[in-house]
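Visitor: Got a structure here, written out as structure tokens. Questions coming.
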Amino acid sequence: RLFDLDPDLLPLFQYNCRQFGSPQECLSAPEFLDHVRKVMLVIDAAVSHLENLSCLEEYLCNLGKKHQAVGVKVESFSSVGESLLYMLEKCLGAAFSPDVREAWSKLYGAVVKAMQRGWEILPEGE
């Protein structure tokens, strides 16, 4: 779903300088699947620290810096969020109520907000 929402993201996913010719090629690459696992670990950490997300602030800020360094735009995170919500809706079915959607949206929004701070912090010396 991610590349349907934002096809311009495909070139950002390069592993060992290998560019993918199609979204399907990227989606089946072991490196991409590993990236998806990492994204889900971040989401899991946020859920696990729901009552104290601030303890993840530095980690998420640094993660934002890393994403900025490889050319990710802050706006791209909305496509990732929509993809996450789509996946949750497909997996949860009727249990994915409007309240559940709102809760996940808020959690994801908090993660992205913390990551955005990585864009705002200038490297030392600038």
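Visitor: Taking the range 22-32 on its own, how many of its residues are more than 14 Å from L2 (Cβ to Cβ) and in contact (Cβ under 8 Å) with a residue 12 or more places away in the chain?
Guide: Matching residues across the range 22-32 total 1.
Visitor: Please work out which residue is farthest from the chain's Cα centre (by Cα), limiting yourself to the range 41-72 and to residues that are open to solvent by 80 Å² or more (accessible area, probe 1.4 Å) and of a type in the set (A, V, I, L, M, F, W, C).
Guide: Among those that are open to solvent by 80 Å² or more (accessible area, probe 1.4 Å) and of a type in the set (A, V, I, L, M, F, W, C), it is L50.
For (1) modelled with pLDDT under 90; (2) acidic (D, E); (3) more than 16 Å from R1 (Cβ to Cβ), each residue gets a yes or a no:
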| site | (1), (2), (3) |
| --- | --- |
| N16 | yes, no, yes |
| F20 | yes, no, yes |
| D34 | no, yes, yes |
| D44 | no, yes, yes |
| L53 | yes, no, yes |
| E57 | no, yes, yes |
| L60 | no, no, yes |
| G64 | no, no, yes |
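Visitor: Would you check which residues across the range 1-53 are in contact with a Phe, Trp or Tyr (Cβ under 7 Å, 6 or more places away or on another chain) and basic (K, R) and list them?
Guide: R1
Visitor: When you go through (1) under 22 Å from R1 (Cβ atoms); (2) without any contact (Cβ under 8 Å) to a residue 12 or more places away in the chain; (3) open to solvent by 40 Å² or more (accessible area, probe 1.4 Å) one by one for S105, which number turns out not to apply?
Guide: Of everything listed in (1) under 22 Å from R1 (Cβ atoms); (2) without any contact (Cβ under 8 Å) to a residue 12 or more places away in the chain; (3) open to solvent by 40 Å² or more (accessible area, probe 1.4 Å), S105 misses just condition (2).
Visitor: So in the range 12-32, with the set limited to residues that are open to solvent by 70 Å² or more (accessible area, probe 1.4 Å) and under 18 Å from V70 (Cβ atoms), which one is nearest to the chain's Cα centre (by Cα)?
Guide: My answer is Q14.
Visitor: I need the full set of residues from the range 41-91 which are polar (S, T, N, Q) and without any contact (Cβ under 8 Å) to a residue 60 or more places away in the chain, in order please. Explain how you work it out, then say what you get.
Guide: First, pick out the residues of the range 41-91 that are polar (S, T, N, Q): 48, 52, 54, 62, 68, 76, 78-79, 83.
Across the range 41-91, the qualifying residues are S48, N52, S54, N62, Q68, S78.
Visitor: For the subset of the range 73-86 comprising residues that are more than 13 Å from F13 (Cβ to Cβ) and open to solvent by 30 Å² or more (accessible area, probe 1.4 Å), which member is farthest from the chain's Cα centre (by Cα)?
Guide: Y86
The values are calculated or read from the model by the stated rules, or taken from the named source; none is laboratory data. Values in this document were obtained by computation on a predicted structure and should not be read as measured data. Counting neighbours? That spans all protein chains shown, and the Cβs are built from the backbone with ideal geometry, glycine included. Note: accessible area is taken over every heavy atom of the protein model, side chains too, but ligands, DNA and RNA are not part of it. Shrake-Rupley method; radii C 1.70, N 1.55, O 1.52, S 1.80 Å.
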